[in-house]
Amino acid sequence: MSEYMAKSTKNIFLADGFPRSKENIEVWEKKMADKVDFQFLLWFDLPGETMLERLLYRASQSKVKRSDDKADIMKRRIATFEGSIPLFDRYRQANQLVQVNAIGSKR
């Protein structure tokens, strides 16, 4: 990530799906804390069942078929994400968590 950011002409980045583990946070802080101006962790909060429903819908509508567009793979990815939620407390306590209620219908 550091190499990509250094080579980029951009100066604002969104790290999707990060962090997933305590180790991710520790390595990030060791390697990147003095190189970036971290603003916040953005969390689109919704139940795993809704995530699965939306992912399956996206897969059914996509013209490009992905190898991971299978319910069992999606369920594992959701479980991994749900396992990382306790890590968010660290960001909440530092006032660096933006939590968005993502339950709702399409417009």
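The values are calculated or read from the model by the stated rules, or taken from the named source; none is laboratory data. Treat the numbers as computed from the prediction; the structure is a model and nothing was measured. Glycine also receives a Cβ, built like all others from the backbone with ideal geometry; neighbour counts cover every protein chain displayed. Heavy atoms of the whole protein, side chains included, go into the accessibility calculation; ligands, DNA and RNA do not. Shrake-Rupley method; radii C 1.70, N 1.55, O 1.52, S 1.80 Å.
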Checklist entry - For Glu53, are the conditions met, namely being over 18 Å from Ser84 (Cβ atoms), open to solvent by 40 Å² or more (accessible area, probe 1.4 Å), among the acidic types (Asp, Glu) and not in a loop (DSSP other than H, G, I, E, B)? => result yes
Next on the checklist: Looking only at region 1-38, filter to residues that are aromatic (Phe, Trp, Tyr) and not in a loop (DSSP other than H, G, I, E, B); which one of those is surrounded by the fewest Cβ atoms within 10 Å (Cβ to Cβ)?
Outcome noted: Tyr4
Checklist outcome for this item: Residue pairs qualifying under the 8 Å Cβ cut-off, at least six apart or on distinct chains, with the first in region 62-79 being farther than 18 Å from Gly17 by Cα and the second being among the hydrophobic types (A, V, I, L, M, F, W, C) and at pLDDT 90 or above, are Lys65/Ala59; Ala71/Leu52; Ala71/Leu56
Item to check | Subset tally (residues that are in a helix (DSSP H, G or I), open to solvent by 100 Å² or more (accessible area, probe 1.4 Å) and in contact (Cβ under 8 Å) with a residue 12 or more places away in the chain) for region 39-50 | outcome: 0
Checklist entry - Can you tell me which residues in region 4-31 are modelled with pLDDT of 90 or more and charged (D, E, K, R)? => result Lys7, Lys10, Lys22, Glu23, Glu26, Glu29, Lys30, Lys31
Checklist outcome for this item: Within region 80-99, restricting to residues that are within 19 Å of Arg20 (Cβ to Cβ) and either of a type in the set (Val, Ile, Thr) or not in a helix (DSSP H, G or I) (or both), the one that is least open to solvent (accessible area, probe 1.4 Å) is Leu97
